[in-house]
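The structure appears right after this line, and notes come after that.
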Amino acid sequence: MLPHELLLFNFGGSFMDEKRLLIKGGTVITPFKIIEDGAVLIEGKKIKKVGKIDEVKISSSLKTIDAEEKYIVPGFIDLHTHGGGGYDILVDANYDAINKLSGFYAIHGVTSFLATTATAPHDVLKNAMKTLREAIEKGTGGAQILGIHLEGPWISKKKPGAQPVQWIRPPSFEEFMKLYEESGKNIKLVTIAPEVEGGLEFAKKLRELGVTVAIGHSAANYEEVVEAVKYGVSHAAHTFNAMNGFHHRKPGTIGAVLSMDEITAEVIADCVHVHPAAIKILVRAKGVDKICLITDSTPYAGMPDGEYTFAGMIKVIVKNGACRLPTGQLAGSVLTMDHAVKNMVEKIGLSLKNAIRMATHNPAKVIGVDDVKGSLETGKDADIVILSKKLEVEMTIINGITSNLH
Ligand SMILES: [Zn+2]
């Protein structure tokens, strides 16, 4: 049994039948403010009250979780993840695998996520849309699927990263609409290369549907990004990775992302994909409200080191916190959101409050769900993580209940 499966047994669903639950005694990070000796009262699926213990009125019969000496923070939201714990969203496109994957996320503090696909033939994507729609409508036992992030296939062959070049194709709104309908209109984010022919009009149409459009796997220069922003591009997929770097006379995609307030920026905070110094520059340039921590995780996140075969044909080696092809090229991350937060604090020197914000409220805002998710406030969904002082996940509460897969 894998460690995360064992942990899931320990979660239990003991609060499932309780209408009210009080978490008390810890440091609450909302993440807009810090409340020492704080408490969070949950009623049903929602947060009823947040404040100092004595402000949050308590009846003695209330079910209580003691969080003294711990942090009480909003659940993490991962906008960009392809899998983990041995499960792959695109390859294992069936309800059972997606449900187990949702449990893997939950034990790493993720309470909701965008299921992220990669470049693939139309039928493969169509099948994934169908499965994900089913999982969204049925619900999952662990982290909640907020929607779908299509990373490709409408990207640039000049910047494929680990995406299969043979399936990269020019933007087609017609193809998008077929996938959109199949998904039950659950596609929330699309990563495209706006500089390819038809890219700008494509971005505009997606934006008009209310879909957030990210630039990624793109060879755009600075001027092309400035233009793309006018057509609705507002987000950058894994900033620094698979895009044109910075030169002082040719600022490239990075120059645009770093200098334009209109663009929010994802970063893979494993300190493998991006050097800590580059993450520090990103933080200084964008400020704490424009950065989203993501994992971009492969199915090998949370798996022991070793050799694996991806999609039945590609050999990958997982070692020292990285997943690489035999050539040494990075092939996605083995990062989890709890480690992303920890890295931002321990390796980048961010305050926990700001790191938490980048893993919660900021991603919620990017896809327009910040009215219900991403912060501990009255009326919002009861998505909560309890962290130890060492920033390890001790409990995850999703929509008012502890993760219960068994
Ligand atoms: Zn990705």
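Scanning the stretch 253-264 for any residue that is surrounded by fewer than 22 Cβ atoms within 10 Å (Cβ to Cβ), modelled with pLDDT of 95 or more and closer than 15 Å to P194 by Cα turns up nothing.
Considered as a group, the residues in the stretch 80-90 that are more than 14 Å from the ligand (Cβ to nearest atom) and either among the polar types (S, T, N, Q) or out of contact with any Leu (no Cβ under 6 Å at 6 or more places or on another chain) (or both) include one that is least open to solvent (accessible area, probe 1.4 Å), and that residue is G85. Count of the stretch 375-392 residues, restricted to those that are within 20 Å of D338 (Cα to Cα) and either touching a strand residue (DSSP E or B) at 6+ places or on another chain (Cβ under 6 Å) or open to solvent by less than 10 Å² (accessible area, probe 1.4 Å) (or both), is 9. The set of residues in the stretch 139-177 being within 21 Å of A220 (Cβ to Cβ), of a type in the set (G, A, S) and within 16 Å of the ligand (Cβ to nearest atom) consists of G152, S156, G161, A162. Pairing each residue of the stretch 209-238 that is more than 22 Å from I268 (Cα to Cα) with any residue that is within 15 Å of the ligand (Cβ to nearest atom) and part of a helix (DSSP H, G or I), provided the two are 6+ apart or on different chains, yields no C-beta distance under 7 Å.
Checking each residue in the stretch 153-175 for being at pLDDT 95 or above and part of a loop (DSSP other than H, G, I, E, B) picks out P153, W154, I155, S156, K157, K158, K159, I168, R169, P170, P171, S172.
Selection within the stretch 218-238: residues that are under 20 Å from K157 (Cα atoms) and small (G, A, S). The member of this set that is nearest to the ligand (Cβ to nearest atom) is A237.
Of the residues that sit in the stretch 183-217 and are over 23 Å from G255 (Cα atoms) and within 16 Å of the ligand (Cβ to nearest atom), which one is most open to solvent (accessible area, probe 1.4 Å)? Among them, the one singled out is K188.
Of the residues making up the stretch 118-135, those that are outside any helix (DSSP H, G or I) and either of a type in the set (S, T, N, Q) or surrounded by 19 or more Cβ atoms within 10 Å (Cβ to Cβ) (or both) are A118, T119, A120. Among residues of the stretch 323-335 being under 22 Å from the mean Cα position of the chain (by Cα) and within 15 Å of the ligand (Cβ to nearest atom), the one that is farthest from A106 (Cα to Cα) is L330.
In the stretch 150-161, the condition of being open to solvent by 10 Å² or more (accessible area, probe 1.4 Å) and in contact with a Phe, Trp or Tyr (Cβ under 9 Å, 6 or more places away or on another chain) is met by no residue.
Would you mind stating whether A115 is small (G, A, S) and either surrounded by fewer than 23 Cβ atoms within 10 Å (Cβ to Cβ) or away from the ligand (no atom under 16 Å from the Cβ) (or both)?
So A115 does not fit the description; no.
Looking at the stretch 336-343, is at least one residue open to solvent by less than 30 Å² (accessible area, probe 1.4 Å) and among the β-branched types (V, I, T)? So far as the stretch 336-343 goes, yes, one or more of its residues are open to solvent by less than 30 Å² (accessible area, probe 1.4 Å) and among the β-branched types (V, I, T). Could you list, in sequence order, all residues of the stretch 103-113 that are aliphatic (A, V, I, L, M), touching a strand residue (DSSP E or B) at 6+ places or on another chain (Cβ under 6 Å) and not in a strand (DSSP E or B)? Matches in the stretch 103-113: A106 only.
Just one of (1) open to solvent by 20 Å² or more (accessible area, probe 1.4 Å); (2) closer than 20 Å to V190 by Cβ; (3) more than 14 Å from the ligand (Cβ to nearest atom) fails for I77. It is (1).
The values are calculated or read from the model by the stated rules, or taken from the named source; none is laboratory data. Predicted model only: the values in this text are computed from it and were never measured. Note: ideal-geometry Cβ built from the backbone for every residue, glycine included; neighbour counts use all protein chains shown. Ligands, DNA and RNA are stripped out before the accessible areas are found, and what is left, the full protein with its side chains, is counted by its heavy atoms. Shrake-Rupley method; radii C 1.70, N 1.55, O 1.52, S 1.80 Å.
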